[in-house]
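Let me begin by presenting the structure, written as C-alpha cells, before commenting on it.
The values are calculated or read from the model by the stated rules, or taken from the named source; none is laboratory data. Note that this is a predicted model, so its numbers are computed, not measured. Note that we place each Cβ from the backbone using ideal geometry, even for glycine, and neighbour counts take in every protein chain shown.
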Amino acid sequence: MTKNNFIIKNHHKTNYTVIYNKFIQDKNLNLELIGFGIYLLSKPSNWIINPHQIRSDLNIGKDKIARLINTFIDLGYMYRQKKDITFTAKGELKNVYYFCDDKELLNKTTEIFRSDETTFHLPLSEIPPLQIAVTETPTTELPHTENPPYNNTNDTNDNNKKNTLLTSSVSIRTYLKDILDDFTIVNLLSAKPDLTIDEFNRVYNLANLEFKNGRCNNVNACLVKAIKGEWNFLPISISESKEDDKIHRILHSKVIYFQDLFKNSSFSKDEIFSKFLIDSQKYDEKLVAIYYKNLKEKLES
C-alpha cells in the first residue's frame, strides 16, 4: 500500500534554513511572529539586525517592527544590548540585537552582556551621582537666558503647559529612554530639570535640521547645547529652502557610491543594503526608501 505524504519535504543541501521545532510550535507565537522569526533565521549569522533595513525589505511600518521586536524580547527569543556610548556617531545604531529560536542558547550566548549591563539598564534609583535630585514640586518657570536658542511658546497656554510638564526626572527618563542615550538624558535634565515634552520635541527637531544642514557634527551634542542656551539655531525659513535639493543630491551620490562598492568589493547585496540604510539614517525615511529601491534595482539588474 502506498504511503501518503501530506507534508512534502525537500532535503536541500544548499541555501536552506534550520529551524528549531519548539520555536515554530510555541503557542505564545502567532503566525506573524513565526514568519518574522523565519525571516531572521534565513539571514547569515553575522547579519546585522537593522530595524530600518527590515522595514524597507518587508514593507512594514515603524510601529509594527517595534512591536515584533519588543514581543520577541519579552518572550525571550531576542536580546537587545544598548551600547554604552556618550554620543551616537553618524550612522551608528544605538542597539545591537541578538535573535535565536532557542531561548537557552540565546541566554548562554548573551550572558557576557547581561552580566555587565551599562548604566542605561540599571534601575533609576541605582544610577550614579550624575542623576539630578527629584523635587516634589518642580518649577514651571523657564530659566532666562540673554540669548535663548529658541522662542518659548508654552507660556501662552498654562493648561497645556501643566499637562506636558514632566513632574520628575524619572518621568523624563521614561519618555526619552528610547530616543537618547543615558548620558545625554542626564545632561539635559541637569541643564533644565523642568523640560517639557513639547519643548524637547521642538528643540530636538531643530537640532536634527542643523545636523542635516551640516551646521553640527552630532545631534545629541547640539541638543544639549541648545537646552543650555549655548546654541543659536539657523532660521528655519533659510535652512528649509535648500534642504530638499541638498538631500536628493546626497542620496543620489550614495546610490552611486554603494553601487561601485558592490562591484569592487566582496560585500554581499544584503551587506551593501544595510550599509546604505545605516549611512542614510538621518534623512527623511520616505526619500531614503525611494533611493533604497533605486539601489536595489541597480544591484539586481
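Taking the stated definitions as given, is Asp63 in a helix (DSSP H, G or I), within 13 Å of the chain's Cα centre (by Cα), over 18 Å from Ile19 (Cβ atoms) and not aliphatic (A, V, I, L, M)?
Criteria met by Asp63.
So which residues in the stretch 10-30 are part of a loop (DSSP other than H, G, I, E, B) and either in contact with a Pro (Cβ under 6 Å, 6 or more places away or on another chain) or basic (Lys, Arg) (or both)?
Residues satisfying the conditions are Lys13, Lys27.
Within the stretch 219-228, can one find any residue that is under 30 Å from Lys296 (Cβ atoms) and either at pLDDT 85 or above or over 24 Å from the mean Cα position of the chain (by Cα) (or both)?
No, the stretch 219-228 contains no residue that is under 30 Å from Lys296 (Cβ atoms) and either at pLDDT 85 or above or over 24 Å from the mean Cα position of the chain (by Cα) (or both).
Can we say Leu58 is modelled with pLDDT of 90 or more, more than 22 Å from Leu105 (Cβ to Cβ) and out of contact with any helix residue (DSSP H, G or I) (no Cβ under 9 Å at 6 or more places or on another chain)?
Judged against the criteria, Leu58 is not a match.
Does Asn50 qualify as being crowded, with 16+ Cβ neighbours inside 10 Å and not hydrophobic (A, V, I, L, M, F, W, C)?
In short, yes.
Does Leu33 satisfy the criteria of being surrounded by 10 or more Cβ atoms within 10 Å (Cβ to Cβ) and part of a helix (DSSP H, G or I)?
Taking the combined requirement at face value, the residue satisfies it.
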